[in-house]
Amino acid sequence: MAVENLIYPRYIDAAVSRGGGRRVSRADAVEEPTVEELAAAVRQIGYPVTVEPEVCHPREVAPRGRVRVQAAPDESKHDVVLAVAAIVEVLRG
């Protein structure tokens, strides 16, 4: 059975502090990621993804969206977020 994870752009945003919601190290983070980039990265991994563009993270005022990921049960949310951050960096070239 797949595990559903919600991933917000702020989880990999280099401008956000760890206390503000960033889930990866600053070295692994990217500048101003978009929900479209997150979705493209998740598709590269091979997981089903649903984009929810009008959703707002509880710590944000303006909605930046989020992606809903159906990940493998043996993969943690942290693993998925790290992989997404790495792939967004590669996709930006």
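Beta carbons closer than 6 Å, at least 6 apart along the sequence or on distinct chains, pair a first residue in segment 24-46 that is acidic (Asp, Glu) with a second that is part of a helix (DSSP H, G or I) for ASP28/ALA85; GLU37/VAL88. Which numbered condition in (1) closer than 21 Å to VAL3 by Cα; (2) within 10 Å of the chain's Cα centre (by Cα); (3) not charged (D, E, K, R) is the only one that THR34 fails? The one condition THR34 does not meet is (1).
In summary, VAL88 fulfils each of the numbered conditions (1) open to solvent by 30 Å² or more (accessible area, probe 1.4 Å); (2) not in a loop (DSSP other than H, G, I, E, B) with the single exception of condition (1). Considering segment 25-77, and only residues there that are buried (at least 16 other Cβ atoms within 10 Å of the Cβ) and among the small types (Gly, Ala, Ser), the residue that is farthest from PRO9 (Cα to Cα) turns out to be ALA71. Search segment 1-43 for residues being over 12 Å from ALA85 (Cβ atoms), of a type outside the set (D, E, K, R) and not in a loop (DSSP other than H, G, I, E, B), and hand back the single one that is modelled with the lowest pLDDT. The qualifying residue modelled with the lowest pLDDT is VAL3.
Six or more apart or on different chains, Cβ atoms under 7 Å: show the pairs whose first residue is in segment 60-78 and under 11 Å from ALA2 (Cα atoms) and whose second is at pLDDT 95 or above and among the aliphatic types (A, V, I, L, M). Correct list of pairs: VAL69/ILE7; VAL69/VAL42; VAL69/VAL49; VAL69/VAL80; ALA71/VAL80.
The values are calculated or read from the model by the stated rules, or taken from the named source; none is laboratory data. Keep in mind the model is a prediction, meaning the values are calculated, not measured. In this analysis, Cβ positions are derived from the backbone assuming ideal geometry, glycine residues included, and neighbour counts consider all displayed protein chains. Remember, those area values only see protein heavy atoms, side chains included, never the ligands or the DNA or RNA. Shrake-Rupley method; radii C 1.70, N 1.55, O 1.52, S 1.80 Å.
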